[in-house]
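One structure is given below, encoded as structure tokens.
A short reminder: the numbers here are calculations on the coordinates, not readings from a lab. Computed from a predicted model, the values in this text were never measured in an experiment. In this analysis, Cβ positions are derived from the backbone assuming ideal geometry, glycine residues included, and neighbour counts consider all displayed protein chains.
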Amino acid sequence: MLSSYFRGLEHIKITRRSLRLNLLPFVTLVLLLVVFASINPSFLSVDNFFTILSQSGIHLLLAVGGTFVILMGSIDLSVAGVMFLACIASSYYANQMGAIALFVGLGVGLPFGIINGLLLTKLKIPSFLATLGTWSVCSGLIRIIGGGFFVDVTNQSFRNISSGFILGSIRVENVFFWSIIIWILAVTVAFRS
């Protein structure tokens, strides 16, 4: 069975240049690990590894969404603005509503996605300009609503959604696991269609 799979790949030529280009990111990553570990020996510690995992979850979620936009030949510049506006809206209601405040964030972010889609498809505005405008609107709303102040969320049920511990003691935050699950679903859907 495996040999039939490799027989189907006979038409793919692996050249030195393509091998070099594909290995370059991994070689760079290894070099960076060596440099950072030599500067600070605690860089390779287990605590730092879990900190990196927990902080990379949100970036992975945004990258998965951005990948599909780029595959369609567009670009979305409004992602950060919409995300921060949804976060601020959820945070303001988190202490009163708990975990249900996530739906406030969805209710704030969803209209901006619909607006972006309508600007692109119905008005034929290029995605660069449409999403740049949406980002500007969101940034202005963030300044008005947030006022540049920190929102203190004390509701534990809301905090456990993003920064809760898995199985009670493992330190990796839930956001990282959510992003991995969404990435797996996105790859599965992309390759099935």
Projected label distance in nm at Leu21 and Asn95, using a 7 Å step from Cα toward the beta-carbon: 5.4
Global geometry of region 12-93, whether rounded, prolate or oblate, following the gyration tensor of its Cα atoms and the 1.5 cut on a/c: oblate
Sorted peptide list for 82-90, 96-104, 146-154, criterion being average Cβ within 10 angstrom, highest first: 82-90, 96-104, 146-154
In sequence order, calculated HN-Hα J values of region 65-71 (Karplus, 6.51, -1.76, 1.60; Hz; x Gly/Pro): x, x, 4, 5, 5, 5, 4
Rounded to whole Hz, the Karplus (6.51, -1.76, 1.60) HN-Hα couplings of region 30-46, x for glycine and proline: 5, 4, 5, 4, 5, 5, 5, 5, 6, 6, 9, x, 7, 4, 8, 6, 5
